[in-house]
Amino acid sequence: MLDKVKSFISEVENATANTEEEIESFRLKFVGRNNVVNELFEQFKQVPSEQKRELGPALNKLKNLAQTKLKELSESVGFSSTSSAEVDVTLPGAFGSEGSIHPISQTRSRIIEIFERQGFNVEDGPEIDNDWNNFTALNFPENHPAREMQDTYFIEKNPDMLLRTHTSNVQIRLMNKKKPPIRAIMPGRVFRNEAISARAHCFFHQVEGLVVGENISFKDLKNTLYHFSKEMFGKQTKIRLRPSYFPFTEPSAEIDISCFICGGSGCKICKQTGWVEIAGSGMVDPNVLENCGIDSTKYSGFAFGMGIERVTMLKYQLDDLRLFSENDVRFLKQF
Ligand code: PHE
């Protein structure tokens, strides 16, 4: 029996393999379920004990050698030592969980779709911009308290560089490079130095819109947002405009929609008022047009801006803004 073991040892030591089949036959013979080593171990039980002393270590050596060799052979040919014979192909597969589109992206796509159908182009601009594009050109006078409406993250002084506080910087960039007629929306991320809470975050997303042309009036502003609100929140939606103030628009209005949850009778979402605010808007201040080299005696325009988080929270009745940036799959999976 010892001779047999020794001859197997040298067979294992000298084994070579170039194909998967060769490895598999080695595996079946020396490592597989009914391998020769196991058989020898069975016979070993009957062997007289004085022979065991030499035979035992030899058998163990054979067993270890066979395993190491199998690994070596597999690696040299590039296969893993788990052979296909050990894989039960009838077992159900392990499915990775399927991703979903983030609710903010879904709302953004829907908003873009609605405005694109009204002939708006989509414009993009940088998140880091200078003071001129974010404030001064938008008629925020220097040291004017209106600048404090938006707590700003400044990056650099002289020249002033900052994280944009709204996507209105893209309006300025657009009017500088393209003359009227202009009809565009600008979706993007904006930043404000606010403490993070359920209602406020240091970054969020906006979609702003800008229309500039001849004879553009407040009527066009109202119609555009009326159409948007019906598409976004349902046909029965009504809108209401409330006087407001923005440095870059005159007159300015806050846009409210009739509460789509209670239909106007009063509920938690609309705080019993029957109305929820969705956007700021107004007629572009002539100073802003002039700052971009557009003749304000010939052209007029309107602009509006809405928060994507806000629209999404209303639509899905969410009450915590932080959910959008926590990447908790239990939340994200629901969309
Ligand atoms: N830029 C304004 C904001 O961020 C929104 C707005 C845009 C208001 C256009 C009116 C017109 O608050």
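The values are calculated or read from the model by the stated rules, or taken from the named source; none is laboratory data. Computed from a predicted structure; not experimentally measured. All Cβ positions, even for glycine, are placed from backbone atoms using ideal geometry, and neighbour counts span all protein chains on display. Heavy atoms of the whole protein, side chains included, go into the accessibility calculation; ligands, DNA and RNA do not. Shrake-Rupley method; radii C 1.70, N 1.55, O 1.52, S 1.80 Å.
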query = Would you pick out the residues in region 1-46 that are in contact (Cβ under 8 Å) with a residue 40 or more places away in the chain, of a type in the set (Lys, Arg) and surrounded by 14 or more Cβ atoms within 10 Å (Cβ to Cβ)?
reply = 27
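Sort through 256, 285 and tell me the only one that's within 16 Å of the ligand (Cβ to nearest atom), out of contact with any helix residue (DSSP H, G or I) (no Cβ under 9 Å at 6 or more places or on another chain) and in the same structural domain as residue 199 (by TED's automatic domain parsing). Step through it out loud before you land on a result.
Numbers: 285 fails: out of contact with any helix residue (DSSP H, G or I) (no Cβ under 9 Å at 6 or more places or on another chain).
Step by step, each of 256, 285 is checked, and only 256 is within 16 Å of the ligand (Cβ to nearest atom), out of contact with any helix residue (DSSP H, G or I) (no Cβ under 9 Å at 6 or more places or on another chain) and in the same structural domain as residue 199 (by TED's automatic domain parsing).
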request  = Determine which single condition residue 159 fails, assuming it passes every other condition in (1) surrounded by fewer than 20 Cβ atoms within 10 Å (Cβ to Cβ); (2) without any contact (Cβ under 8 Å) to a residue 40 or more places away in the chain; (3) closer than 17 Å to residue 210 by Cβ.
outcome  = (3)
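Please count how many residues of region 181-196 are open to solvent by 30 Å² or more (accessible area, probe 1.4 Å) and either more than 21 Å from the chain's Cα centre (by Cα) or within 16 Å of the ligand (Cβ to nearest atom) (or both).
Here is the first cut: in region 181-196, the ones open to solvent by 30 Å² or more (accessible area, probe 1.4 Å) are 181, 183, 189, 192-196.
Adding the requirement that they be either more than 21 Å from the chain's Cα centre (by Cα) or within 16 Å of the ligand (Cβ to nearest atom) (or both) leaves 181, 183, 189, 192-195.
Number satisfying all stated conditions: 7.
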query = Going by the structure shown, is residue 320 in contact with a strand residue (DSSP E or B) (Cβ under 6 Å, 6 or more places away or on another chain) and either of a type outside the set (Gly, Ala, Ser) or at negative phi (or both)?
reply = no
key: Failed condition for residue 101, given (1) in a helix (DSSP H, G or I); (2) open to solvent by 60 Å² or more (accessible area, probe 1.4 Å); (3) closer than 30 Å to residue 318 by Cβ   = (1)
query = Name the residues in region 111-144 that are open to solvent by less than 50 Å² (accessible area, probe 1.4 Å), hydrophobic (A, V, I, L, M, F, W, C) and closer than 18 Å to residue 246 by Cβ, would you?
reply = 135, 137, 138, 140
query = Among the numbered criteria (1) part of a loop (DSSP other than H, G, I, E, B); (2) touching a Ser or Thr at 6+ places or on another chain (Cβ under 8 Å), which single criterion is violated by residue 96?
reply = (2)
message = For region 293-317, give me each residue that is touching a helix residue (DSSP H, G or I) at 6+ places or on another chain (Cβ under 6 Å) and without any contact (Cβ under 8 Å) to a residue 40 or more places away in the chain.
response = 296
query = Which condition does residue 147 not pass, out of (1) at positive phi; (2) crowded, with 18+ Cβ neighbours inside 10 Å; (3) of a type outside the set (A, V, I, L, M, F, W, C), if it passes all the others?
reply = (1)
key: Residue list for region 120-145, restricted to those being away from the ligand (no atom under 15 Å from the Cβ) and in a strand (DSSP E or B)   = 121, 122, 128, 130
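Considering each residue of region 146-180, count those that are away from the ligand (no atom under 15 Å from the Cβ) and part of a helix (DSSP H, G or I), and give that number.
So the first thing to find is which residues in region 146-180 are away from the ligand (no atom under 15 Å from the Cβ), and the list is 154-161, 176-180.
Keeping just the survivors that are part of a helix (DSSP H, G or I) gives 176-177.
So the answer is 2.
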inquiry  = Given the criterion open to solvent by 20 Å² or more (accessible area, probe 1.4 Å), out of contact with any Leu (no Cβ under 6 Å at 6 or more places or on another chain) and away from the ligand (no atom under 14 Å from the Cβ), identify the matching residue among 270, 262.
reply    = 262
ask   = Hey, among 281, 300, which residue is open to solvent by 30 Å² or more (accessible area, probe 1.4 Å) and either on the phi > 0 side of the Ramachandran plot or of a type in the set (Gly, Ala, Ser) (or both)?
value = 300
request  = Just need a number here: residues in region 295-310 that are within 16 Å of the ligand (Cβ to nearest atom) and at pLDDT 95 or above.
outcome  = 10
